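Colleague: One structure follows; several queries about it will come next.
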Amino acid sequence: MAVKSYKLNNGTFMPEVGLGTWRGNDDGALVQTVKTAVEMGYRHIDCAPYYANQRDIGKALKEVQVPREELFIVSKIYEHNHRPELVEGALDHILDELQLDYLDMLLMHWPFAVKPEVGFVDDYGAEAIENVPIMGT
């Protein structure tokens, strides 16, 4: 499977097509799904702590016969971790779950910040939103 890649400003190449993993472990088959996708040619894997499956993705990546340098792994930080002092800990947690030394891209999962003490809910009210400038994250 030949996939077009785009050169980013830092010289890294990002594959145009990636494997999304949201709700990817409802039946426990994600390890095999990721392994099969990589064997078929996927190199871009999209992850997030919110998906609650990064440990399985990390396990699959350890089992494939493709060097880490050939993969493009993306994950995201929760809106609860947008404060600058929380970002490094959030990244460390992601790397631990994925059993990786680095990510190729780290995104903010949502374009707004939520106070860390607010739990996860389906709909955040105005009182939960925190003014954290995007460039500060």
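Colleague: Say we look at the range 73-93 and pick out the residues that are farther than 22 Å from Gly18 by Cβ and without any contact (Cβ under 8 Å) to a residue 24 or more places away in the chain; which of these is least open to solvent (accessible area, probe 1.4 Å)?
Modeller: In this case the residue turns out to be Gly89.
Colleague: I've got another one for you. Go through (1) assigned to a loop (DSSP other than H, G, I, E, B); (2) within 15 Å of the chain's Cα centre (by Cα) one by one and return the number of the condition Met14 breaks.
Modeller: For Met14, the failing item is (1).
Colleague: Taking the range 24-42 as the search range and keeping residues that are in contact with a helix residue (DSSP H, G or I) (Cβ under 7 Å, 6 or more places away or on another chain) and over 14 Å from Lys62 (Cα atoms), which one is most open to solvent (accessible area, probe 1.4 Å)? Give the steps one after another, and end with the answer.
Modeller: Filtering the range 24-42 for residues in contact with a helix residue (DSSP H, G or I) (Cβ under 7 Å, 6 or more places away or on another chain) gives 24-25, 30-31, 34-35.
Next cut, over 14 Å from Lys62 (Cα atoms) only: 24-25.
Details: Gly24: 22, Asn25: 41 Å².
Only one residue fits best here, namely Asn25.
Colleague: In the range 94-111, which residue that is surrounded by fewer than 15 Cβ atoms within 10 Å (Cβ to Cβ) and over 20 Å from Met14 (Cα atoms) is farthest from the chain's Cα centre (by Cα)?
Modeller: Across the range 94-111, the extreme among qualifying residues is Pro111.
Colleague: With the condition kept exactly as written, say whether any residue in the range 115-133 is assigned to a helix (DSSP H, G or I), of a type in the set (Asp, Glu), out of contact with any Asp or Glu (no Cβ under 9 Å at 6 or more places or on another chain) and open to solvent by 70 Å² or more (accessible area, probe 1.4 Å).
Modeller: In the first step, residues of the range 115-133 are kept if they are assigned to a helix (DSSP H, G or I); the result is 126-128.
Still in the list and also of a type in the set (Asp, Glu): 127.
After this cut, where a residue has to be out of contact with any Asp or Glu (no Cβ under 9 Å at 6 or more places or on another chain) as well, the list is 127.
Still in the running and open to solvent by 70 Å² or more (accessible area, probe 1.4 Å): 127.
Yes: one or more hits.
Colleague: Suppose the filter is more than 9 Å from the chain's Cα centre (by Cα) and open to solvent by less than 30 Å² (accessible area, probe 1.4 Å); does Val64 pass it?
Modeller: For Val64, the condition - more than 9 Å from the chain's Cα centre (by Cα) and open to solvent by less than 30 Å² (accessible area, probe 1.4 Å) - is met.
Colleague: For the range 75-119, which positions are among the polar types (S, T, N, Q) and within 22 Å of Leu61 (Cα to Cα)?
Modeller: Hits for the range 75-119 are Ser75, Gln99.
The values are calculated or read from the model by the stated rules, or taken from the named source; none is laboratory data. No experiment lies behind these values; they were computed from the predicted model shown. So basically every Cβ, Gly included, is an ideal-geometry build from the backbone, and we count neighbours across all protein chains shown. SASA here: full protein model, heavy atoms, side chains in, ligands and nucleic acids out. Shrake-Rupley method; radii C 1.70, N 1.55, O 1.52, S 1.80 Å.
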